[in-house]
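Participant: Following this message is one structure expressed as structure tokens.
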Amino acid sequence: FKILSPLGALMASQYVLTAAPASQPRNTLYGNAIGGITSLIITMIPTSVLPKIIRVALATSAAVALQAKLGVIHPPGIGFAITLASGKHTWIDVPILLGGSVLAIFSGTFILNINEKRQYPIYWAFGNLPSALEAKIYRQRSSIQSTRTRNFHDDSDSDSDSLPSFCENGPPTIPQDSAAIDKDQKNTKW
């Protein structure tokens, strides 16, 4: 059951940080695979050569380094590396976790997209990530810009010569006489 803790962290990142790159499907699957495979390779080193605490630290740092180098940072995948390096786990645990990750991705996709204000995943990109992100950002900026332009034209079509109601009498004046200031302060309820 120790293998379930990274899945709990994955679900938390999906439901709370839906737009974060670390919770997207690409990072989830690649990050978990890198964490699991890296830690099991390092676990093959006997404890007589490499103590358990050093093995866990080495597996964790190697998984972080590989994920960063490949651009697929996924913190629950690092948790999976720690879990596998600290106990007696086998290669069968990696496909089990990846299967759980796929189930989490599909359930998150279904549940989070019920609400119109949320979208998960932001991108599926398993190939060229920068171009997918650029396209998404371009679409969002275009949508925001067209909304702003439409709202500006809607406001300008109304009576453009009239001033807002708070400006009809000109800017407010500040009394220079101390008696007038005292009178205003006495009439003001704090």
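Participant: Would you please put 22-30, 41-49 in order of how densely packed they are, using the mean number of other Cβ atoms within 10 angstrom per residue and starting with the highest?
Facilitator: Numbers: 22-30: 22.1, 41-49: 12.2.
Most protected by this proxy first, the peptides run 22-30, 41-49.
Participant: Would you mind working out the accessible area per residue for the range 1-79, using a 1.4 Å probe, and quoting it in Å²? Write out the running numbers ahead of the final one.
Facilitator: Working: 3820 Å² over 79 residues.
Computed with neighbouring chains in place, this is 48 Å² per residue.
Participant: Compute the FRET efficiency between residue 52 and residue 19 as 1/(1 + (r/R0)^6), taking r as their Cβ-Cβ distance and R0 = 45 Å, and round to the nearest 0.05.
Facilitator: Working: r = 38 Å, r/R0 = 0.84.
So, using R0 = 45 Å, E works out to roughly 0.75.
Participant: Taking all protein chains in place and a 1.4 Å probe, what share, in percent, of the accessible surface of the range 1-103 do carbon and sulfur account for? Don't skip to the answer; put the middle values down first.
Facilitator: Values: 3970 of 5010 Å².
Roughly 79 percent of what the probe reaches on the range 1-103 is carbon or sulfur.
Participant: Sort 106-119, 77-90 by packing, meaning the average of other beta carbons within 10 Å per residue, with the highest value first. Mind showing how you got there, number by number?
Facilitator: Working: 106-119: 11.4, 77-90: 21.6.
Result, highest mean Cβ count within 10 Å first: 77-90, 106-119.
The values are calculated or read from the model by the stated rules, or taken from the named source; none is laboratory data. Since the structure is predicted, the reported quantities are computational estimates derived from the model, not experimental observations. Virtual Cβ from ideal backbone geometry, glycine too; neighbours counted across all protein chains shown. In case anyone asks, the SASA skips ligands and DNA or RNA and just uses the protein heavy atoms, side chains included. Shrake-Rupley method; radii C 1.70, N 1.55, O 1.52, S 1.80 Å.
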